[in-house]
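A.B. asks: One structure, pasted below without further comment.
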Amino acid sequence: MSATRREGEAVIDRARYRRITRFFAGMIAHLIWWDLVLRRIVPGRVLASRSERWRDLARRFRQLAVEMGGVLIKLGQFLSTRVDVLPLEITDELKGLQDEVPPVDSTAIMAMVENELGPLSERFADIEHTPLAAASLGQVHRAWLRPRDGSDERGAPVVIKVQRPGIVNLVRTDLAALRVVARWIMHYPPIRRRADMPALMEEFAETLWEELDYEQEAENVERFAEMFAGNEGVYIPFVYRRHSTGRALVLENVEAIKIIDLPAIEAAGISRAEVASRLLDTYFQQIFKEGFFHADPHPGNLFVQPRLDLPWDPEDGPRPFCLIFVDFGMVGHIEDLMGENLRTVLVGVTQQDAWALTKAEQDLGFFLPGANLQRIAEAQSVILDEIWGRNLLELAQPDPQEVQELTREFKDLLFDFPFQIPQDFLYLGRAIGILSGLASLLNPEINIWYQIETYGQEVIRSRQVRQAGWEALLASLKPLVTVPARLERVLTAAEQGRLQVQTTPDQATRQRLERVEHKLFRLQMSVLAAAGMISGTLLYLHRNRNRKEDQDD
C-alpha cells in the first residue's frame, strides 16, 4: 500500500505546518543569498564562512526537531545518511540526533492502551507507568501478563509498545509540509543533480507509516524469529498476538546487558570480540542471504544475554551468550536484483576484482550517467589493494598523508565526483554506519575480512555449482588457491602499469612492499557493504579535497 493511500484523509495542524515550511523557506533563502548572490560579489568571505554557516543551519534544525519531535527527528536521522548530497558539516551535526523526547503523561498512554485492548486488568497483572523508553512515534512500558488462571500474581514479563496519542495527525501534518519543501529544494541544481527529493520523501513516508503499523512490526518479529530459528546464538522476542493491535504491541521482555555496556559484558565472562564477530555475522546473513535486515541497530535495540542455562567454567574460556534484537519497526528489504548485485559486489571484493566490483556498483546505481568506469575501477583497485586485511581501528582512522597521496593520483576523478548513493541504500548505509561503530567499540582489532571472505566464497560456491558445475568453481577459486594474495596484487598492479619494475625481482618486490606499507589509507566507514565502502572512501577523499581548497581560498 502506498504512503498516500495509507494516510487517508489528512487532518492538518495548520500552525505546525506553517512553522515547518517557514523554517525551511528561511534555510533556502539563506542558501540563495549566500551561495548564489554574495558568492558572486565577495567569494572569499562566502567560502571562509561556509563551514560555520552550514553547522549553524544544522544546529538550528536539530533544535527545531528536538522541540517539535514527530517526523522531524526521523528526518534528521534520515538526512544524516545523505553524505553524497549534503555538506559534511551538516551530516556530522545530525548524526547525534537521538529519537528521544519527553514522555507522554501515563494517564493518556494507559487510556490509549485500554482503547486498543480493552480493560487492562483483564490482560495485565501490573503495568509500570514510568516508561522504559519514549520516542517520537511511540512509548514503551514494562508490564506483566495476568496468568491464565486469573490470579493476581505476575505472569510473563512483557513490554507494551504503544503509539503516542495524536501521532497519526502529527505525521500527516509534517509529511504534508515536507513534501512542499522537497519540491522547493529541487530548484537547487547541486541537489537536483544527485537526488530526486520528492521520490526520497515518498520512500521516507512509506517507511514512517510502516513503523507506525504495529501489525506489520509483529510480522517482522516473526520473520526474524524464523530466520534465526535453531541458532542458539541469536534470540528474537516472542510477540503476543492476542494482546496486540495495529497501535499497541505486546512483546516478551528480553532486557539484558546493553551491547555498549562493556564492563557488564566483561563482568559476565563474555568475550567482547565474540560479540562483535557475531554481530557482524548476523548482519551478513540478513543482508547477503535473506535480503531482509534490521535497519535500526542502535545500542538501545541490541542486548547481550549470558547463557545461564549452560554450565560454564571460566577456565574453559568465555561464557556462551545470546545476541538479542528488539524493535523491528524499521526493516530493510533487498529486492532480488539488488540482492544479486550486492552479492556480486561481495565476490568482487573477495577476489579483489575491481572491474567486477565497478560493474556491480553501476547496476546498483552508485554512479551518475557518463561516469568513467575504467577510471573508477582503477581507483577501486588501489583502495582494495591498500585496505585489504586492515582491522576496524585502522579503517576508522584515515591517514591525512595517504589521503593527500590518493587525492593527487585520482584528482581528475575526485573533481568530477560521479558518485551518488541510491535511494535503496539509505537505510542500509545508516545501519552499516552504526554497526561499524558498535563493532569497533567492542573490538577495534576485529578482522572484518574474515566475514567478507567467508560469505564471498559461499556466494562463489553457490553460484558456480548452480550455474557451471565444479569445473567453473575451481577455475574461479584458482587465483585464491594457487597464487599467494600478495603476489596476486603485485601482478594486478603490473598489468595496470602502476608497478615500477627495477633491475631485479627482489628490488621490485621490496619497492612494492614499501609502497603498500607506506600507503595505509583507512576508511571511515565499515566494509560490511563493499559498495558503500568504496564510495565512502572516494567521498572522504572528495570532502578532504574540498576542505583543502576552501582553506587555500
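The values are calculated or read from the model by the stated rules, or taken from the named source; none is laboratory data. Small disclaimer: the values here were computed from a predicted structure and weren't measured. Quick reminder, even Gly has a Cβ in these numbers, built from the backbone with ideal geometry, and neighbours come from all protein chains shown.
A.B. asks: Taking the criterion of being surrounded by fewer than 20 Cβ atoms within 10 Å (Cβ to Cβ) and touching a strand residue (DSSP E or B) at 6+ places or on another chain (Cβ under 6 Å), would at least one residue in the range 168-177 satisfy it?
C.D. replies: No, every residue in the range 168-177 fails to be surrounded by fewer than 20 Cβ atoms within 10 Å (Cβ to Cβ) and touching a strand residue (DSSP E or B) at 6+ places or on another chain (Cβ under 6 Å).
A.B. asks: Within the range 277-306, how many residues turn out to be of a type outside the set (A, V, I, L, M, F, W, C), more than 30 Å from residue 345 (Cα to Cα) and without any contact (Cβ under 8 Å) to a residue 60 or more places away in the chain?
C.D. replies: Residues meeting the conditions: 1.
A.B. asks: Give the number of residues within the range 406-454 that are closer than 30 Å to residue 205 by Cβ and of a type in the set (Phe, Trp, Tyr).
C.D. replies: Of the residues in that region, 4 qualify.
A.B. asks: Then there's this: Name the residues in the range 287-311 that are surrounded by fewer than 17 Cβ atoms within 10 Å (Cβ to Cβ) and among the hydrophobic types (A, V, I, L, M, F, W, C), would you?
C.D. replies: Answer for the range 287-311, where residues must be surrounded by fewer than 17 Cβ atoms within 10 Å (Cβ to Cβ) and among the hydrophobic types (A, V, I, L, M, F, W, C): 308, 310.
A.B. asks: Determine which single condition residue 162 fails, assuming it passes every other condition in (1) assigned to a loop (DSSP other than H, G, I, E, B); (2) surrounded by 18 or more Cβ atoms within 10 Å (Cβ to Cβ).
C.D. replies: So the condition that residue 162 fails would be (1).
A.B. asks: Do the conditions hold for residue 59, that is, is it at pLDDT 85 or above and under 25 Å from the mean Cα position of the chain (by Cα)?
C.D. replies: When the stated conditions are applied, residue 59 passes them.
A.B. asks: Also, quick follow-up: From the list 3, 48, 15, 65, which one is modelled with pLDDT under 80, among the aliphatic types (A, V, I, L, M) and within 18 Å of residue 171 (Cβ to Cβ)?
C.D. replies: One residue alone meets the criteria, 3.
A.B. asks: Look through the range 316-371, keep the residues that are at pLDDT below 80 and under 18 Å from the mean Cα position of the chain (by Cα), and return whichever of them is surrounded by the fewest Cβ atoms within 10 Å (Cβ to Cβ).
C.D. replies: So, considering only residues that are at pLDDT below 80 and under 18 Å from the mean Cα position of the chain (by Cα), the one surrounded by the fewest Cβ atoms within 10 Å (Cβ to Cβ) is 335.
A.B. asks: Another question, if that's okay. Can you find a residue that is surrounded by 18 or more Cβ atoms within 10 Å (Cβ to Cβ), within 23 Å of residue 332 (Cα to Cα) and among the aromatic types (Phe, Trp, Tyr) anywhere in the range 238-260?
C.D. replies: So far as the range 238-260 goes, no, none of its residues is surrounded by 18 or more Cβ atoms within 10 Å (Cβ to Cβ), within 23 Å of residue 332 (Cα to Cα) and among the aromatic types (Phe, Trp, Tyr).
A.B. asks: Being out of contact with any strand residue (DSSP E or B) (no Cβ under 9 Å at 6 or more places or on another chain), at pLDDT below 95, in a loop (DSSP other than H, G, I, E, B) and among the aliphatic types (A, V, I, L, M): is that true of residue 280 here?
C.D. replies: Against the criterion (out of contact with any strand residue (DSSP E or B) (no Cβ under 9 Å at 6 or more places or on another chain), at pLDDT below 95, in a loop (DSSP other than H, G, I, E, B) and among the aliphatic types (A, V, I, L, M)), residue 280 does not qualify.
A.B. asks: Report yes if residue 325 is in contact with a helix residue (DSSP H, G or I) (Cβ under 8 Å, 6 or more places away or on another chain) and under 19 Å from residue 256 (Cα atoms), otherwise no.
C.D. replies: It is true that residue 325 is in contact with a helix residue (DSSP H, G or I) (Cβ under 8 Å, 6 or more places away or on another chain) and under 19 Å from residue 256 (Cα atoms).
A.B. asks: Then there's this: Any residue in the range 363-375 that is within 19 Å of residue 339 (Cβ to Cβ) and assigned to a helix (DSSP H, G or I) sitting within a Cβ distance under 8 Å of a residue that is at pLDDT below 90 and not hydrophobic (A, V, I, L, M, F, W, C)? List the pairs, counting only those 6 or more apart or interchain.
C.D. replies: What qualifies is 363/341; 363/344; 364/341; 364/422; 364/424.
Table: residues versus (1) in contact (Cβ under 8 Å) with a residue 12 or more places away in the chain; (2) farther than 25 Å from residue 285 by Cα; (3) not assigned by TED's automatic domain parsing to the domain that holds residue 292.
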residue	(1), (2), (3)
202	yes, yes, yes
207	yes, no, yes
219	no, no, no
230	no, no, no
235	yes, no, no
240	yes, yes, no
243	yes, yes, no
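A.B. asks: Residues that are in contact with a helix residue (DSSP H, G or I) (Cβ under 6 Å, 6 or more places away or on another chain) and crowded, with 19+ Cβ neighbours inside 10 Å, at least 2 per element: which helices (runs of 4 or more DSSP H) completely within the range 54-158 meet that?
C.D. replies: 71-79, 88-95
A.B. asks: A further question follows. Of all residues in the range 105-157, how many are more than 30 Å from residue 73 (Cα to Cα) and either of a type in the set (Ser, Thr, Tyr) or assigned by TED's automatic domain parsing to the domain that holds residue 327 (or both)?
C.D. replies: Qualifying residue count, the range 105-157: 2.
A.B. asks: For the range 173-275, which fully contained helices (runs of 4 or more DSSP H) count at least 1 residues that are of a type in the set (Lys, Arg) and farther than 30 Å from residue 367 by Cβ?
C.D. replies: 214-227
A.B. asks: Starting from the range 247-263, keep only residues that are in the same structural domain as residue 301 (by TED's automatic domain parsing) and within 20 Å of residue 163 (Cα to Cα), then list their pairs with residues that are in a loop (DSSP other than H, G, I, E, B) and of a type in the set (Phe, Trp, Tyr) whose Cβ atoms are within a distance under 6 Å, requiring at least 6 positions of separation or different chains.
C.D. replies: What qualifies is 250/240; 252/238.
A.B. asks: From the list 229, 205, 199, which residue is more than 30 Å from residue 86 (Cα to Cα) and out of contact with any Lys or Arg (no Cβ under 6 Å at 6 or more places or on another chain)?
C.D. replies: 229
A.B. asks: Take residue 120 and tell me if it is in contact (Cβ under 8 Å) with a residue 24 or more places away in the chain and not aromatic (Phe, Trp, Tyr).
C.D. replies: no
A.B. asks: Now, a different point. Failed condition for residue 424, given (1) assigned to a helix (DSSP H, G or I); (2) farther than 22 Å from residue 352 by Cβ; (3) modelled with pLDDT of 70 or more, with all others met?
C.D. replies: It is condition (3) that residue 424 fails.
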